[in-house]
Amino acid sequence: GRKPATCNGDIELRDVHFSYPTRPDVPVFKGYSLKVKAGETVALVGESGGGKSTVISLLERFYDPSSGQVLLDGIDLKELNVEWLRSQIGLVNQEPVLFATSIVENIRNGKTDATDEEVEAAAKMANAHDFITSFSARYDTEVGDRGTQLSGGQKQRIAIARAVIRDPTVLLLD
């Protein structure tokens with residue numbers, strides 16, 4: 001697939017029709033359209049099962065629509081190299097997964113060559129630095145298996161720091 005030299009981050013879902021493969025008779029979208037310009041902050045709100053996470057799954061190309069188009073900077077995602085596409089996107093899931101290692105290593109998983117200064121800057125952007133520095137081991141605090149030593153909100157903020165340290169063009173928070 002294509003690997004454009006630049007990515008602005010304009011997103012468009014154009015007349016998207018979609019059903020999950022396991023439930024083809026239950027449409028999630030019937031002609032759904034959405035435009036998000038680069039730099040905009042948009043929140044999708046609605047009932048459980050309303051399609052919010054499905055939009056993210058389509059943007060990440062975990063699924064393709066049965067008809068319609070999902071576009072990034074005017075290019076159909078089907079034309080793009082999937083690895084390149086995902087390198088442009090930072091994703092934080094509803095239930096973020098942390099690894100059984102330290103906070104610093106969990107954040108650094110977003111950018112393996114990140115300096116300590118970059119890790120701290122990402123934690124500050126994610127509003128995590130203050131609670132991290134309240135721990136006796138600070139950034140070297142072990143989070144436990146799947147982050148069990150942290151609260152749900154703390155896990156989310158570490159996952160946000162891990163996503164923003166990559167400086168993605170598009171940041172998706174599910």
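Among the DSSP beta bridges whose two residues both lie in the stretch 1-116, what percent are antiparallel, rounded to the nearest 5?
On the way: 14 of 15 bridges.
Taking every DSSP beta bridge within the stretch 1-116, about 95 percent pair in antiparallel fashion.
For the chain, modelled as a Gaussian network with Cα springs under 10 Å, which listed residue fluctuates most, Ser67, Ser33, Ser134?
Answer for the Gaussian network model of the chain: Ser134.
Take Ile75, project a point 7 Å from its Cα along the Cβ direction, then tell me which residues of the stretch 1-26 have their backbone nitrogen under 17 Å from it.
1-13
Using a 1.4 Å probe on the protein chains only, how many percent of the accessible area of the stretch 1-114 belongs to carbon and sulfur?
Details: 3090 of 6590 Å².
That fraction is 47 percent.
Between Glu47, Glu60, Glu120, find the one with the highest GNM mean-square fluctuation for the chain; connect C-alpha pairs within less than 10 Å.
Glu47
Mean-square fluctuation check for the chain, GNM, Cα pairs under 10 Å: which of Val97, Val70, Val26 is largest?
Of the options given, Val26 has the highest mean-square fluctuation.
Relative to the Cα centre, what is the charge dipole magnitude of the chain, using +1 at the beta carbon of each Lys and Arg, -1 at the beta carbon of each Asp and Glu, and rounding to the nearest 20 debye?
Charge dipole of the chain: 320 debye, to the nearest 20.
What number comes out for accessible area per residue over the stretch 1-120 if the probe is 1.4 Å? Units Å², please. Before the final figure, lay out each step's value.
Details: 7020 Å² over 120 residues.
With all protein chains present, the stretch 1-120 gives 59 Å² per residue.
Spelling out what I want: for every residue of the stretch 144-149, take phi, set θ = phi - 60°, compute 6.51 cos²θ - 1.76 cosθ + 1.60 (Karplus), and round to whole Hz; glycine and proline get x.
Per residue, the Karplus-derived 3J(HN,Hα) values read x, 4, 6, x, 5, 7 Hz.
In whole Å, largest first, what are the principal axis extents of the Cα atoms in the chain?
Computed over the Cα atoms, the extents are 53, 37, 25 Å.
What's the FRET efficiency of Ser136 with Thr41 using the Cβ-Cβ distance as r and R₀ = 45 Å, to the nearest 0.05?
Working: r = 36 Å, r/R0 = 0.80.
Once the sixth-power term is evaluated, E becomes 0.80.
So what's the gap between the Cα centers of the stretch 51-80 and the stretch 102-159, to the nearest angstrom?
Cα centroid of the stretch 51-80 versus Cα centroid of the stretch 102-159: 31 Å apart.
Say R0 is 22 Å: what FRET efficiency, to the nearest 0.05, do Phe62 and Thr112 get from their beta-carbon distance? Before the final figure, lay out each step's value.
Numbers: r = 23 Å, r/R0 = 1.06.
It comes out at approximately 0.40.
Can you show me the helix-derived [θ] at 222 nm for the chain, built from DSSP H runs with n ≥ 4 at -39,500 (n - 2.57) apiece and divided by the number of residues, rounded to the nearest 500.
-7500 deg cm²/dmol
For the stretch 33-84, rounded, prolate or oblate, judged on the Cα gyration tensor with a ≥ b ≥ c (square roots of eigenvalues), a/c < 1.5 rounded, else prolate if a/b > b/c? Walk me through the numbers on the way to the answer.
Numbers: a/c = 1.92, a/b = 1.31, b/c = 1.46.
Oblate.
Consider a paramagnetic label point 7 Å from the Cα of His17 along Cα→Cβ; state which residues of the stretch 58-87 have an amide N under 20 Å from it.
Under cut-off, by backbone N: 58-59, 63-71, 76-78.
The values are calculated or read from the model by the stated rules, or taken from the named source; none is laboratory data. All of these numbers come straight from a predicted model, not from anything done at the bench. A quick note on method: Cβ atoms are made from the backbone with ideal geometry, for glycine too, and the neighbour counts reach across all protein chains shown. Side chains included, ligands, DNA and RNA excluded: accessible areas come from the protein's heavy atoms. Shrake-Rupley method; radii C 1.70, N 1.55, O 1.52, S 1.80 Å.
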